[in-house]
Every structure is written in structure tokens, then in C-alpha cells.
Amino acid sequence: MEPSLPEQRIGPLLTARGWWLAVAESCTGGLLGHRITNVPGSSAYFRGGVIAYANQLKRDLLGVPEEVLMTHGAVSRPTVEAMARGVARLLAADVALAISGIAGPGGGTPQKPVGTTWIALYLRGAVEARVFHFTGNRWENKEAAAQAALEWLYEAVKR
């Protein structure tokens with residue numbers, strides 16, 4: 001029987017390819033890394049992660065350009081794309097996920113309401129980003145973001 005959680009299904013696929021995974025998280029605050037490391041044997045394919053909650057860390061540690069943060073904000077396509085590239089470089093990973101969003105209950109704007117979340121997937125040099133609009137409370141939005149990222153990763157690596 002196939003494991004039901006995406007974090008349980010990604011390990012064999014990454015290991016079979018010899019790929020390493022890293023994560024860069026903002027609004028999820030480590031939840032994504034937590035879910036990945038809850039799987040026994042994850043040390044065979046998971047390098048680690050960076051919780052870059054502050055823009056200064058996004059810039060200084062992950063290499064998000066200051067101009068991107070000032071022009072587009074932390075919750076944007078160019079920011080998560082840079083976060084994903086940066087954590088892949090920093091941790092020598094073949095695959096990386098990056099998440100930045102507005103978990104709530106405050107912090108939203110008419111342009112970026114609570115629940116707006118950008119997720120980027122870096123896969124061996126290529127990066128893609130998607131926006132999600134979750135509608136739960138803070139915890140539900142964080143859970144939904146981690147779930148969406150893991151499901152996307154599974155779909156990408158099983159190809």
C-alpha cells in the first residue's frame with residue numbers, strides 16, 4: 001500500500017535519483033521541514049532548511065535582491081523564486097521548495113489578502129512559482145501551504 005502523505009512518498013523518488021532536497025520557509029515557520037523530517041530515513045535525501053522570516057535573512061542569507069523585496073514585497077513570485085534558488089545554492093540541493101505568505105489573522109491588504117501564499121519549486125536549475133489563496137485561520141493556512149508544497153514536489157519528482 002502506497003503511503004498516504006506526500007512527504008512519505010517523496011523520499012524513495014529523491015533517493016532513487018540521488019537528489020538532495022532543501023527548503024526555505026517564511027510564513028510556515030519550519031512546518032515544511034518538520035513534516036519532511038517526520039519521515040524515518042529523511043536524512044538520506046533532506047539537506048535542511050532555512051526559516052527566513054525576516055526580510056533581512058531573505059536578502060542576506062538567501063540572496064533575495066533588496067530591489068525585489070522593495071518592489072514586489074516578501075509575498076511575491078520573484079521573492080520565492082529567489083528564495084528557492086538561494087537555499088538550493090546554500091545547501092547544495094538538487095531540489096528546493098520556498099514558501100512566503102500571509103498566514104493571518106493580520107497583515108493582509110486588498111492586493112494581498114490573508115491566505116495569499118507564494119510557493120516556488122526549484123528542480124535542478126529550473127524554478128517555477130505558483131500563488132495560492134487559502135481561506136483558513138493562521139494554523140490552517142500554514143498547514144495548507146505545507147501540504148500544497150509537498151504535493152507539488154511529489155508530482156514534480158515522480159515524472
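For the range 54-65, which positions are in a loop (DSSP other than H, G, I, E, B) and either buried (at least 16 other Cβ atoms within 10 Å of the Cβ) or touching a Phe, Trp or Tyr at 6+ places or on another chain (Cβ under 8 Å) (or both)?
LEU61, LEU62, VAL64
Please give the number of the condition VAL157 fails out of (1) surrounded by 20 or more Cβ atoms within 10 Å (Cβ to Cβ); (2) closer than 20 Å to GLU7 by Cβ; (3) without any contact (Cβ under 8 Å) to a residue 40 or more places away in the chain.
Failed condition: (3).
Of all residues in the range 20-42, count the ones that are within 17 Å of the chain's Cα centre (by Cα), on the phi > 0 side of the Ramachandran plot and free of Cβ contacts under 8 Å to residues at least 60 places away in the same chain.
Within the range 20-42, residues that are within 17 Å of the chain's Cα centre (by Cα), on the phi > 0 side of the Ramachandran plot and free of Cβ contacts under 8 Å to residues at least 60 places away in the same chain number 1.
Got a number for residues in the range 3-42 being modelled with pLDDT under 95 and either in contact with a Lys or Arg (Cβ under 7 Å, 6 or more places away or on another chain) or farther than 28 Å from PHE134 by Cα (or both)?
Adding up the residues that qualify gives 1.
Filter the range 120-133 down to the residues that are touching a residue at least 24 places away in the same chain (Cβ under 8 Å) and of a type in the set (A, V, I, L, M, F, W, C), then identify the one that is nearest to LEU13 (Cα to Cα).
So, considering only residues that are touching a residue at least 24 places away in the same chain (Cβ under 8 Å) and of a type in the set (A, V, I, L, M, F, W, C), the one nearest to LEU13 (Cα to Cα) is LEU123.
Quickly run through the range 120-141 and pick out the residues that are under 11 Å from the mean Cα position of the chain (by Cα) and within 19 Å of ARG35 (Cα to Cα).
Listed by number, the residues that qualify are ALA120, LEU121, TYR122.
I'd like to check something: does the range 91-99 contain any residue that is among the acidic types (Asp, Glu) and either out of contact with any Phe, Trp or Tyr (no Cβ under 7 Å at 6 or more places or on another chain) or crowded, with 21+ Cβ neighbours inside 10 Å (or both)?
Within the range 91-99, not a single residue is among the acidic types (Asp, Glu) and either out of contact with any Phe, Trp or Tyr (no Cβ under 7 Å at 6 or more places or on another chain) or crowded, with 21+ Cβ neighbours inside 10 Å (or both).
Taking the range 15-50, which residues are part of a helix (DSSP H, G or I), in contact with a helix residue (DSSP H, G or I) (Cβ under 6 Å, 6 or more places away or on another chain), more than 25 Å from THR116 (Cβ to Cβ) and among the aliphatic types (A, V, I, L, M)?
The answer is ALA44, and nothing else.
Given the condition aliphatic (A, V, I, L, M), free of Cβ contacts under 8 Å to residues at least 24 places away in the same chain and either surrounded by fewer than 19 Cβ atoms within 10 Å (Cβ to Cβ) or within 15 Å of LEU97 (Cα to Cα) (or both), answer yes or no: does some residue in the range 5-19 qualify?
There is at least one residue in the range 5-19 that is aliphatic (A, V, I, L, M), free of Cβ contacts under 8 Å to residues at least 24 places away in the same chain and either surrounded by fewer than 19 Cβ atoms within 10 Å (Cβ to Cβ) or within 15 Å of LEU97 (Cα to Cα) (or both).
Considering only residues that are in a strand (DSSP E or B) and not aliphatic (A, V, I, L, M), which ones fall in the range 121-137?
TYR122, GLU128, ARG130, PHE132, HIS133
The values are calculated or read from the model by the stated rules, or taken from the named source; none is laboratory data. As the structure is a prediction and not an experimental result, all values here were calculated from the model. FYI the Cβ positions are ideal-geometry reconstructions off the backbone, even for glycines, and counts take in every protein chain you see.
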